[in-house]
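Enquirer: Dropping the structure in here first, questions after.
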Amino acid sequence: MKYKELIKTFNEALVDKSGFEAHDTLQPKFWVVEDILKPEIRKRLIEITNDFWAGLEANTDIKDITMTGSLANFNWNPHSDIDLHIIVDFQDVEGDPELVRDYFRASISEWNKKHKIEIYGYEVEIYVQDDNEEHLSTGVYSLMGNKWLVKPVREEADIDWQNVEDKAASLMDQIDRLANIFKEKKYEEAYDYSQRLRDKIKKFRRSGLERVGQYSAENIAFKVLRRNGYMGKLVSLRTSAYDAMNSIEASKLKISISETVGSWKHFLKD
């Protein structure tokens, strides 16, 4: 098999193409026709949000709770999550905005470690969204207002799979390179690289959504990475690099202590 054919076969194997087609209706287990979220689901999602928020030290009010993503659209599939967004104004929270963002990310990560909540087989994914942050989505439902903020319109999926495979393979390769840097114990380099990759993927996805929409190669490539575990791998490497970068190995600590004792003995001798 030629090299190019081998790479193409490898890329296709890592790209799950199932479930991206548009359905004729929204997920019927969640929606009464296409107008309103089922009351019992809305009630449960608000309860989950309140439980999560009660555990935080965030002295600010929730402006809205929204449901977005593929389950608020016609492209729902077995891999979908319930994207639950808690809308707050980050400027109302004391502290540097980036530290506030990191605090919310860490809180969400800790919540996800302790909980795995599913509704009709779909896992609830919480996200704290800045009220001033532009959120590009073709389906956004307000739980507090019990109405659509952005009502979805059914579109036929027109996906350039070759482009998706190429973009996904390139990003997966970069995440694998990050893993190698981490294995070499270059923790600061790994952490910096993970930050750059995270920002790159975020901008990459946003550009596709702005230019083409939900079926852009960039957005589908992002979803591919989330499905095959590479986004989780990136998050895990970023966290591990940060922890390792800020830790002190026992061997280094012993050397440091012995050097300190030696210097004090020298000082006392003098």
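Enquirer: Give me the pairs, please: first residue somewhere in segment 157-185 and farther than 21 Å from A241 by Cβ, second residue anywhere and modelled with pLDDT under 90 and of a type in the set (G, A, S), beta-carbon distance under 7 Å, and either six or more positions apart or on two chains.
Expert: Correct list of pairs: A157/A22; D160/A217; N163/A217; V164/A217; K167/A217.
Enquirer: What is the one condition in (1) open to solvent by 50 Å² or more (accessible area, probe 1.4 Å); (2) under 20 Å from the mean Cα position of the chain (by Cα) that R154 does not satisfy?
Expert: (2)
Enquirer: Given (1) of a type in the set (A, V, I, L, M); (2) at pLDDT 90 or above; (3) buried (at least 19 other Cβ atoms within 10 Å of the Cβ), identify the lone condition not met by I36.
Expert: Among (1) of a type in the set (A, V, I, L, M); (2) at pLDDT 90 or above; (3) buried (at least 19 other Cβ atoms within 10 Å of the Cβ), I36 violates only (3).
Enquirer: Out of all the residues in segment 76-95, which are over 16 Å from W31 (Cβ atoms) and outside any loop (DSSP other than H, G, I, E, B)?
Expert: Correct list: H85, I86, I87, V88, F90, Q91, D92.
Enquirer: Do you know which residues across segment 83-94 are under 20 Å from the mean Cα position of the chain (by Cα) and modelled with pLDDT under 80?
Expert: none
Enquirer: While we're looking at this one, here's another question. With respect to D192, determine if the residue is open to solvent by 40 Å² or more (accessible area, probe 1.4 Å), of a type in the set (D, E, K, R) and under 28 Å from D24 (Cβ atoms).
Expert: no
Enquirer: Across segment 195-218, what is the total count of residues that are assigned to a loop (DSSP other than H, G, I, E, B) and either open to solvent by 40 Å² or more (accessible area, probe 1.4 Å) or hydroxyl-bearing (S, T, Y) (or both)?
Expert: 3
Enquirer: Still on this structure, I have one more. Go over the candidates D160, D131, D176, D96 one by one and state the one that is open to solvent by 40 Å² or more (accessible area, probe 1.4 Å) and touching a helix residue (DSSP H, G or I) at 6+ places or on another chain (Cβ under 7 Å).
Expert: Testing whether each residue is open to solvent by 40 Å² or more (accessible area, probe 1.4 Å) and touching a helix residue (DSSP H, G or I) at 6+ places or on another chain (Cβ under 7 Å) leaves just D160.
Enquirer: Can you say whether R206 is within 20 Å of H85 (Cα to Cα), among the basic types (K, R) and touching a residue at least 60 places away in the same chain (Cβ under 8 Å), as far as the supplied structure shows?
Expert: yes
Enquirer: Same structure again: What are the pairs with Cβ atoms under 7 angstrom where one residue, in segment 40-57, is under 17 Å from N112 (Cβ atoms) and buried (at least 17 other Cβ atoms within 10 Å of the Cβ) and the other, located anywhere, is at pLDDT below 95 and among the aromatic types (F, W, Y)? Sequence gap at least six, or different chains.
Expert: F52/W111
Enquirer: Right, something else. Could you tell me whether any residue of segment 95-102 is over 20 Å from the mean Cα position of the chain (by Cα) and at pLDDT below 85?
Expert: yes
Enquirer: Have a look at A244, A221 and point out the one that is surrounded by fewer than 18 Cβ atoms within 10 Å (Cβ to Cβ), among the small types (G, A, S) and either at pLDDT 90 or above or under 17 Å from K185 (Cβ atoms) (or both).
Expert: A244
Enquirer: Sticking with this one: If N77 satisfies all but one of (1) open to solvent by 70 Å² or more (accessible area, probe 1.4 Å); (2) modelled with pLDDT under 90, what's the number of the condition it fails?
Expert: (1)
Enquirer: Can you work out which of the residues in segment 38-57 that are among the hydrophobic types (A, V, I, L, M, F, W, C) and touching a helix residue (DSSP H, G or I) at 6+ places or on another chain (Cβ under 8 Å) is nearest to V124 (Cα to Cα)?
Expert: So the residue we want is F52.
The values are calculated or read from the model by the stated rules, or taken from the named source; none is laboratory data. As the structure is a computational prediction, the values presented were derived from the model and not from experiment. All Cβ positions, glycine included, derive from the backbone under ideal geometry; neighbour counts span all protein chains shown. What goes into the accessible areas is simple: the full protein's heavy atoms, side chains included, and nothing from ligands, DNA or RNA. Shrake-Rupley method; radii C 1.70, N 1.55, O 1.52, S 1.80 Å.
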